[in-house]
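Step one of this worksheet: look at the structure below.
The values are calculated or read from the model by the stated rules, or taken from the named source; none is laboratory data. Keep in mind that what you see is a predicted model, and the values were worked out from it rather than measured. Cβ: placed from backbone, ideal geometry, glycine included. Neighbour counts: every protein chain shown. Ligands, DNA and RNA are stripped out before the accessible areas are found, and what is left, the full protein with its side chains, is counted by its heavy atoms. Shrake-Rupley method; radii C 1.70, N 1.55, O 1.52, S 1.80 Å.
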Amino acid sequence: MNELEARLEAVLFASGDAVGVDRLSEALGVSTDLIYATAESLSNQYDFGHRGIILVRLENRLQLASRPDFAEDIRRATENRRPPSLGPAALEVLTIVAYRQPVTRAFVEQLRGVDSGGTVNSLAEKGLIEEAGRLDVPGRPILYRTTEAFLRAFAISSLDELPALPALQTENEQLTLDDLAAKAEEGADSS
């Protein structure tokens, strides 16, 4: 491990949360390209050695995290209960937000055909979606988008990695919410 790798590792370990590459570049006095290259080298070292930690890239942020393979050991050691899995309604809402963001609760309800206020609030409380401003129409409804916690939960670095929506082959050429939720669940199962 070279000195820059050690410095980057120390900063990421001490911060605990994801840190922007621009901020890391400024703090360590090197270019963002060098930060990305150093992060890639560290990530490869962790993977090659099947270490207990991994380096996670969340769009333009980096974070050290525990290897998902050891999640059950960590839960037992820290005596945390396993987080509840998302139900079908939550997966539907989360899928709509992920693929169509930013969206209003009314838009989600229009697509689903049912009141989704409780589900939207629950996903916001879990930190999977967040407010993204307000729509410039009468009433100024809140817009929602996914969060870094969403990216982490579905083991993706950016929204560009979301699986493509399947071709419309259902009745009336409309994609059903079951199709969308199935895609979201596939992503969650792979994490």
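Please compute P(r) over all alpha-carbon pairs of region 26-124, binned at 5 Å starting from zero, and give each bin as a whole-number percent.
Bin by bin from 0 Å, the calculated values are 2, 10, 15, 12, 10, 14, 14, 13, 7, 2, 0.
Long-range amide H contacts for ARG134: which residues qualify at under 5 Å (H placed 1.01 Å from N, peptide plane, sequence gap of 5 or more or a different chain)?
When sequence neighbours closer than 5 places are left aside, the close amide H contacts are LEU143.
Expressed in nm to one decimal, what extension gain is obtained for the pair ALA37 and ALA124 from 0.36 nm per residue of sequence separation less their Cα-Cα distance?
27.9 nm
What list of ³J(HN,Hα) couplings, whole Hz, do you get for region 140-152 from phi and the Karplus terms 6.51, -1.76, 1.60, once you set θ to phi - 60° and write x for glycine and proline?
6, x, 6, 9, 10, 9, 7, 10, 4, 4, 4, 4, 5
Going highest first, how would you order 88-97, 12-21 by mean Cβ packing within 10 Å?
Working: 88-97: 22.6, 12-21: 15.0.
Ranking, from highest mean packing down: 88-97, 12-21.
Suppose accessible area is computed on protein heavy atoms with a 1.4 Å probe; arrange ARG51, ARG75, ARG100 from highest to lowest.
ARG100, ARG51, ARG75
Over region 70-166, calculate the relative contact order: mean separation of alpha carbon pairs under 8 Å at least 6 apart, over the residue count, as a percent.
Over region 70-166, the number comes to 24 percent.
Can you tell me the relative contact order of region 1-55? Whole percent, Cα pairs under 8 Å, sequence separation 6 or more. Working shown, then result.
Numbers: 31 pairs, mean separation 16.7, N = 55.
Reported as a whole number, the value is 30 percent.
Determine the gain in length on full extension of the stretch ARG51-GLN110; use 0.36 nm per residue of separation and subtract their C-alpha separation, reporting nm with one decimal.
Here the segment from ARG51 to GLN110 would lengthen by 16.6 nm.
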